[in-house]
1. Read through the list (1) among the polar types (S, T, N, Q); (2) in contact (Cβ under 8 Å) with a residue 60 or more places away in the chain; (3) touching a Cys at 6+ places or on another chain (Cβ under 7 Å), then give the number of the only condition that Thr535 fails.
2. Can you tell me which residue among Pro652, Pro732 is at pLDDT below 95 and either open to solvent by 40 Å² or more (accessible area, probe 1.4 Å) or over 21 Å from Gly578 (Cβ atoms) (or both)?
3. Looking only at the range 223-244, which residues are in a helix (DSSP H, G or I) and open to solvent by 80 Å² or more (accessible area, probe 1.4 Å)?
4. Residue check: is Glu553 closer than 18 Å to Gly314 by Cβ and of a type in the set (Asp, Glu)?
5. Being modelled with pLDDT of 80 or more, surrounded by 17 or more Cβ atoms within 10 Å (Cβ to Cβ) and in a strand (DSSP E or B), is that true of even one residue in the range 151-169?
6. Does Ala686 satisfy the criteria of being hydrophobic (A, V, I, L, M, F, W, C) and surrounded by fewer than 17 Cβ atoms within 10 Å (Cβ to Cβ)?
7. Please work out which residue is most open to solvent (accessible area, probe 1.4 Å), limiting yourself to the range 185-215 and to residues that are over 20 Å from His720 (Cβ atoms) and assigned to a helix (DSSP H, G or I).
8. Which members of the range 281-338 meet the condition of being in a loop (DSSP other than H, G, I, E, B), among the β-branched types (Val, Ile, Thr) and over 28 Å from Thr729 (Cα atoms)?
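The values are calculated or read from the model by the stated rules, or taken from the named source; none is laboratory data. As the structure is a prediction and not an experimental result, all values here were calculated from the model. Cβ placement follows ideal geometry from the backbone for every residue including glycine, while neighbour counts extend to all protein chains displayed. Calculation scope for accessible area: heavy atoms of the full protein, side chains included, ligands and nucleic acids excluded. Shrake-Rupley method; radii C 1.70, N 1.55, O 1.52, S 1.80 Å.
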Amino acid sequence: MQQGTLMRKVKSKSWKKQRYFKLQDDCMTIWYQSKRTGKTESAFSISDVETVREGHQSEVLQSLAEEFPPERCFTIVFYGRRGNLDLIAGSAEEAQCWVQGLRQLIEPRSFPLTLALVSPTWIRDWFQKADKNKDGRMNFKEVQHLLKMMNVDMNEDHALRLFQDADKSESGTLEGEEFVLFYKALTQREEVLSLFQEFSEDGKKLTLLELVDFLQQEQLEDEGTEELAMELIDKYEPSETARARHVLSADGFLMYLCSPEGSIFNPQHRVLWQDMNQPLCHYFISSSHNTYLIEDQIRGQSSIEGYIRALKRGCRCLEVDCWDGPNGEPMVYHGHTFTSKIPFREVVSTLGKYAFKVRHPSPGAEGCGWPSVWWCWLPELQDSRGQQAPWRSWVLQSASLSPIPQELKHKILLKGKKIGRLEDTLDGPGDEVPDVSDDDNGPEAEEERRRAKVVLVDDAPITQHGSALQKDRETLAQVLSDCVIYCKNVSFRGFQEARSHSRPSEISSLSEAKARKLIRDTGNEFVRHNAWQLTRIYPSGMRTDSSNYSPQEMWNVGCQIVALNFQTAGMEMDLCDGLFSQNGRCGYVLKPPFMRDEETLFNPSDPSSREGAGPITLMIQVISGQQLPKVANSKDGAIIDPLVRVEIHGVPADQAHQETKYIENNGFNPHWDETLQFQLHVPELALVRFVVEDYDKTSRNDFVGQFTLAFANIKPGYRHIHLLSKDGTSIPPSSLFVHIRITE
């Protein structure tokens, strides 16, 4: 991989350009240049690469399957919404060299736990960036340039003093270990050292008992604290001698605070920790809208990448809009629009590979096995050659399994129209004509009517096969109907009507506007309804730009399937990711007990209707930040003025936000030391979002990073918050250091 390799970069079946690809000497960057002009086209960092897929695992490479064998093809997948890079190597050996080499570089990723204890690769990356003349040494001018790159506006005299202290050879330059010394001095965490010395008698170490005191008094660990202290020393103390003596040094203390055990997110809630034997309607379920779209709703691109990204994010409810295509080949796209189309065959093939995978499964989570709901509108169940569709084997086709996640693992539930009721499926097909929702008169309702017509009636023109084909299609519609077991789609005509005539195995779809009206007028009835039946909410048809509504107001009344446009970053998707980042990222989160009771008195507009304890107080001391990233597309040398805003998303009475003052010209190690206080009336439904922004007095503040989690997952004490980008990907080593207190 050290030599430039000639490969084809592919964008479409007709666009295949030869480019030279090379891994730079820093082992962190790959550039590629044109074979014809020799001009470098682009470069990307290894840290931007999420994974590498072998073979024909993209639509473009699948279209070239007959021309190029899978052994020569691979796809580089980037974090966030950056497009994938499809490549065709000159030989299978070259392809393997790149695939295996890239995987070694990105898996496992060696990101630093702290700025004082960083990986050699990460330090080398900064050194390479700062060493302008590439002589393996760094003079003071290059150090000043480094500080600018690191978002630091440091006093020149102080920077020079740190430089001279690290220059042990007195050569006027830094190299090797000298640069490491400079880096450690630069990244000294005074606020952490002060906390360490508060519990250390000699100021140099924490004995086992001193560490136990810290864990009990500040971190509020109340069980097995001595065993936990021993475990933390063994895991995070870098000195072998200190480990043998069962003591923790200042470096080990910092390592612990920056570790998963020192995170604001309770590590016990990262894994599967909730009861998975409740009815499906007792869970919030991670759900997407028009999953196949990766852009807007009218002219956007349809792609299997939409399904892959959603599934790897833990999404459990997908949308597959299938329409008649050429030569009897079903196509997936947004009907009656100008969006592009993808073959249904490619969609189900992709779902077969990714339906039960998540991007970052937690240990013990079994996150990939939990049932997936396909909201399908399928005109056919057989392909053009009359072969049975492969996905039939995954679909739940009988009611022999109880409608609970634990028993439905590795199964797919189809949501759609059904001829007859579930009982008819068990006793034989019925003859009920399916309803088409008339809740709304907007474009969403009209589209649902059209889809239902395609699925169960199919008014496509009769072809040369005449009545024989029509009869075949009617039979196929019955076969599809029989596959809809626990998610029969029915019209919603009011809560009383549903209570009298609907079944727990049925589900209604409501637009966001219809749901808001029900929340406003009959909040308690909505909560009761969702305690025994599934409800799906979808975005307004006016959101042609694929924008999102806030899912929180829908969760407040217990709506389980709150469908969002996963391709659009923003606060709404932050809330979705924040809620479903718990419970092993399995895509299911158990609703609180008062929302699972069919006779509940709870109404989100009246917090006093929640039975149990009174409101609680959440106090957050925002202490400091560490290496906050620069704002995208900022001017060279610009330094951010960061502030922290804390938002509470929950029932109306709990909605609130507060923010710190901004710190001028310091994105490297800003200190705020401000305490923000909130009162939560329904903490079980609250999400807490931490947002860092670059203050601008003349225009809107710029986004820097965020982290969102459910209040139930907060661990009190001194904690680090590891920030995420707008796309929801990590941006190490950027973090906030906070002190959390919760009182009743």
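1. (2)
2. Working: Pro652 fails: at pLDDT below 95.
Answer to the selection: Pro732.
3. Once the filter is applied, which keeps residues that are in a helix (DSSP H, G or I) and open to solvent by 80 Å² or more (accessible area, probe 1.4 Å), the range 223-244 yields Glu226, Glu227, Glu231, Asp234, Lys235, Glu240, Thr241.
4. Criteria not met by Glu553.
5. No, the range 151-169 has no match at all.
6. Working: hydrophobic (A, V, I, L, M, F, W, C): yes; surrounded by fewer than 17 Cβ atoms within 10 Å (Cβ to Cβ): no.
Criteria not met by Ala686.
7. Leu209
8. Correct list: Thr337 only.
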